[in-house]
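Structure first, commentary second.
The values are calculated or read from the model by the stated rules, or taken from the named source; none is laboratory data. From a predicted model like this one, the values you see are computed outputs, not experimental measurements. Using ideal geometry, Cβ is built from the backbone for each residue, glycine included, and neighbour counts are taken over all protein chains shown.
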Amino acid sequence: MGLAGARGLDRLVGGVGLRRGRRDPDEVRVGDALDFWRVEAVEADHLLRLRAEMKVPGRAWLQFQVRPAKQCLHLHPNAFFAPKGLLGWPTGMDFTLCMPLSSAG
């Protein structure tokens with residue numbers, strides 16, 4: 001099943017499905033909708049946290065942090081999931097990407 005199928009299935013079971021359009025193509029603010037996600041926190045040039053609005057058995061977030069380093073920017077994408085119910089255990093995933101800084105030459 002492709003992404004389009006997943007969006008249709010989400011809407012079928014009562015989720016938000018695919019939202020069309022954005023308030024602004026270049027900027028996001030707290031409360032903005034981005035497909036299945038709602039912007040929960042923004043710190044300019046540092047942090048973006050999105051809360052899942054699709055139907056999941058719990059709550060889910062996707063967070064991106066940017067930290068400057070000597071020769072690059074470190075991008076820290078994190079995924080968090082807090083399942084509902086007694087048998088659920090909160091889980092998370094964290095890794096770091098180093099994006100080289102382009103030289104203005």
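For Val66, the criteria (1) modelled with pLDDT under 90; (2) surrounded by 10 or more Cβ atoms within 10 Å (Cβ to Cβ); (3) over 12 Å from the mean Cα position of the chain (by Cα) hold in every case but one, which is (1).
Yes or no: the stretch 23-31 includes at least one residue that is surrounded by 14 or more Cβ atoms within 10 Å (Cβ to Cβ), out of contact with any Gly (no Cβ under 7 Å at 6 or more places or on another chain), outside any strand (DSSP E or B) and modelled with pLDDT under 85. Within the stretch 23-31, none of the residues are surrounded by 14 or more Cβ atoms within 10 Å (Cβ to Cβ), out of contact with any Gly (no Cβ under 7 Å at 6 or more places or on another chain), outside any strand (DSSP E or B) and modelled with pLDDT under 85.
Scanning the stretch 42-62 for residues that are loosely packed, with under 13 Cβ neighbours inside 10 Å and either in contact (Cβ under 8 Å) with a residue 12 or more places away in the chain or within 11 Å of the chain's Cα centre (by Cα) (or both) returns Asp45, His46, Pro57.
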